[in-house]
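For reference, the structure is listed below as structure tokens.
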Amino acid sequence: MNPALLIIALFLAFAFVLGLLARRGRTMTLEQWAVGGRGFGALLVFLLMAGEIYTTFTFLGGSGWAYGRGAPAFYILGYGAIAYAISYFLLPVIWRYATRHHLHSQPDFFVSKYKSPALGVLVSLVSVAALVPYLVLQLKGLGIIISEMSYGTLSVAAAVWISVTALVVYVVISGVHGSAWTAILKDIMILVVAVGLGLYLPWHYYGGFGPMFAAIDHAKPGFLTLPAKGMSVSWFVSTVLLNALGFYMWPHGFASAYTARSEDVFRKNAVVMPLYQLVLLFVFFTGFAAILQVPGLAGAQGDLSLLRISKLAFPPPVVGLIGAAGLLTALVPGSMILLTAATILSKNVYRPLVRGTSEQTVGRLARGLVPVVALAAVCFTLSGGEALVPLLLLGYNLVTQLFPALVLSLPERPLATRIGSMAGIVTGEAIVAWSSLSGTTLAKLLPTWPSVITDLNIGIVAMTLNFAVLLAVSAVTRERVPAQAIEEPAAAT
Amino acid sequence: MRRVPLHRWLAVVPGLLILGGVPFANRVHRLVLGLPFLLLWIVGCVLLTSATMALIGSLDAKAARSAGASPDPPDRDALR
């Protein structure tokens, strides 16, 4: 076993041990990876929060897209800021309602607002469908790390099977009590590694950021601006908008609004969270630094760029530490996503459908579903050749379809009906699923239309039609909603 | 419908600068301060978002104070 593989194996073992120790520890859910942060000093809290935004998506995917696509990767930096500005107004409204009605999960909100358990089931299924590509992304990242760390002795498929085993074992060991310490270790390691690489590599290979970008601009003219077609300005703007609106539609993001102690938390987050986003710059720098040093990684292979340039620049033990940081950034979010998906399926899909299900059955089912969801994710991981970023883009396309039904439910009396909401969500999801499964794009569908239209993110087109169908069906079905039903206490638990 | 306080509309400015500004920022093909201009533009918008939300937060806190429904003091100070 080479030193790099040995180091990540040790870190994996260490994460398992921390998970075991955390069994009796505090409960940690997807929405509060850094829950341990509350008791620490301001500087440490800042570092933890800054490290927290790194998942495999940003670490390998962000650098991979900077490497392979160039300027389109900047969208990752753009949507967060808009999402946090929206959160200042959106989350307090959700928080007040959820607190008053004792809501626990994202589907509960829809069930309560629209007085419709059926809508809750639909929302749950959408959430789980969107979580699957997010999980596939983490597995793929884990697979990449393990196979790269083996220096060619392990195939990607073998590495993915090792990864999923590690992930399931980690979830089973730590159970619902995720390890806060693993999350803290992950946040610190990834921050040190990402910022370290992003500063060191451009200086080492080019003598600074300016010379690096000048060299890239010279070698690949136009790479640092958006292209005229494909991932053009139109794609960029629609993708940033869609992702910003979808940011809090994720079940974990949405439910994080419930856990706040007071509304002031949201006000502060809107100021501080955009600043944390800026650490993404270092990930971009690493990807850019790799372009001229490890050329030739085509398509989804771009996700390997960070690890490949690390292998070029450092001896195996250091590479092992970088891999270990990457491993934790996949393991910690991956385990939370897996748990969340299994829990939603059990609590918000199975229980409403099968009356009289006991709490124990729901818990047992959730645990039993963990390996099932994991295996499904493995199938997608091994069958699809997608890069990491398009996987999350697909997840966002799916999950943002919940936005119209949510935003129209916010007034005291919802502006949409339950049938309208369902029709809108189904329309949006159908378009996204059809486009994704059949590979149909607007450009193929409307070859003569200008690229300003055909380059639009399909998710934004789906959401527009979703809105239209929702409003139309709501207008037709409006009188069926009795006005007095709105103020009744929530039926949801 | 309740009236939205005027200062809260400031929140749309950074978002509009990202969504509406990118088509123009993308026309600059030079490096500025060593960075691609588009990247620098987005970084600027992110910083502006933070500053704008801080301003809105303090104006909201001020409005809440003058309305008598003052939020608890320690959190209010942390916003500045």
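Every read-out reported here was derived from the displayed coordinates using simple, explicitly stated rules and does not represent laboratory data. All of these numbers come straight from a predicted model, not from anything done at the bench. Virtual Cβ from ideal backbone geometry, glycine too; neighbours counted across all protein chains shown.
Quantify how strongly other chains surround peptide B:32-40 by giving the mean number of their Cβ atoms within 10 Å of each of its Cβ atoms.
6
Helix A:359-383 against the longest principal axis of chain A: what's the angle in degrees, Cα atoms only, rounded to the nearest 10?
Taking Cα atoms only, the helix is inclined about 50 degrees.
Report, in deg cm²/dmol and to the nearest 500, the calculated mean residue ellipticity at 222 nm for chain A, where each DSSP H run with n ≥ 4 adds -39500 (n - 2.57) and the sum is divided by the residue count.
Value at 222 nm, helices only, nearest 500: -23000 deg cm²/dmol.
Starting at 0 and stepping by 10 Å, how many percent of the alpha carbon pairs of the stretch A:55-159 end up in each bin?
Going from the shortest bin to the longest, the percentages are 13, 24, 30, 21, 11, 1.
Taking just the alpha-carbon atoms of the stretch A:265-312, what radius of gyration and Dmax come out, in angstrom?
According to the Cα coordinates of the stretch A:265-312, Rg and Dmax are 15.3, 46 Å.
State log₁₀ I(q)/I(0) for the stretch A:330-450 at q = 0.09, 0.13, 0.14, 0.18 Å⁻¹ as given by the Debye formula over alpha-carbon point scatterers of equal weight, solvent excluded.
-0.38, -0.78, -0.89, -1.22
With angles folded into 0 to 90 degrees, how steeply does helix A:3-21 sit against the dominant principal axis of chain A? Use alpha carbons for both and round to 10.
Once rounded, the angle reads 30 degrees.
Treating the protein assembly as shown as a set of equal point scatterers at the Cα positions, no solvent, please give the Debye-formula log₁₀ I(q)/I(0) at q = 0.06, 0.08, 0.09, 0.13 Å⁻¹.
-0.29, -0.53, -0.68, -1.52
Ranking request for peptides A:363-369, A:422-428, A:346-352: highest mean number of other beta-carbon atoms within 10 Å first, then the rest in descending order.
Descending mean neighbour count gives A:422-428, A:346-352, A:363-369.
Collect residues whose amide H, placed 1.01 Å from N in the peptide plane, falls under 5 Å from the amide H of A:Leu408; neighbours closer than 5 in sequence don't count.
none
Would you mind checking the stretch A:69-88 for residues with the amide N under 16 Å from a putative spin-label position 7 Å along Cα→C-beta of A:Ala219?
Hits in the stretch A:69-88 for A:Ala219 at 16 Å: A:69-71.
In what sequence, highest mean first, do A:225-232, A:334-341 appear when ranked by Cβ atoms within 10 angstrom?
Highest-to-lowest ranking by the protection proxy: A:334-341, A:225-232.
Let's test this: bin the Cα-Cα distances of the stretch A:202-353 at 10 Å from zero up to the farthest pair and state each bin's percent.
With 10 Å bins starting at 0, P(r) equals 8, 23, 31, 25, 11, 2, 0.
What nm value, rounded to one decimal, do you get for the distance between A:Ala472 and A:Leu437 when each label is placed 7 Å out toward the C-beta?
2.2
Among A:Ser127, A:Leu345, A:Gly230, pick out the residue whose Cα is farthest towards the positive end of the charge dipole of chain A, where Lys and Arg carry +1 and Asp and Glu carry -1 on C-beta, about the Cα centre.
After comparing all options, I get A:Leu345.
Short version: ³J(HN,Hα) in whole Hz for each residue of the stretch A:133-145, in order, from phi by Karplus 6.51 cos²θ - 1.76 cosθ + 1.60 (θ = phi - 60°), x for Gly and Pro, what are they?
Karplus-based 3J(HN,Hα) across the stretch A:133-145 equals x, 5, 6, 4, 4, 5, 5, 4, x, 4, x, 4, 4 Hz.
Return the sequence-ordered ³J(HN,Hα) values of the stretch A:424-430 in whole Hz as given by the Karplus equation 6.51 cos²θ - 1.76 cosθ + 1.60 applied to θ = phi - 60°, using x for Gly and Pro.
x, 4, 4, 4, x, 5, 4
Over all residues in A:212-224, what is the mean tally of Cβ atoms on other chains that come within 10 Å of each residue's Cβ?
2
So how strong a dipole does chain A carry about its Cα centre when Lys and Arg Cβ are +1 and Asp and Glu Cβ are -1, to the nearest 20 debye?
That gives chain A a dipole magnitude of about 680 debye.
In percent, what relative contact order does chain A have, based on Cα pairs under 8 Å that are 6 or more apart in sequence?
30
To the nearest 10 degrees, how steep is helix A:233-246 against the longest Cα principal axis of chain A, on a 0 to 90 scale?
Roughly 60 degrees between the two axes.
Karplus couplings for the stretch A:55-60 from phi (6.51 cos²θ - 1.76 cosθ + 1.60, θ = phi - 60°), rounded to Hz, Gly and Pro as x?
Couplings: 10, 4, 4, 6, 5, 8 Hz.
Which pairs break 28 Å Cα to Cα here: A:Lys268/A:Lys347; A:Lys115/B:Lys62; A:Lys186/A:Lys268; A:Lys113/A:Lys347?
Result: A:Lys268/A:Lys347; A:Lys115/B:Lys62 exceed 28 Å.
Would you please report the Å³ per residue occupied by the convex hull of the alpha carbon atoms in the stretch A:177-252?
Once divided by residue count, the hull of the stretch A:177-252 is 134 Å³.
Could you pull the Rg and Dmax for the stretch A:125-220, using just the Cα atoms, both in Å?
18.3, 52
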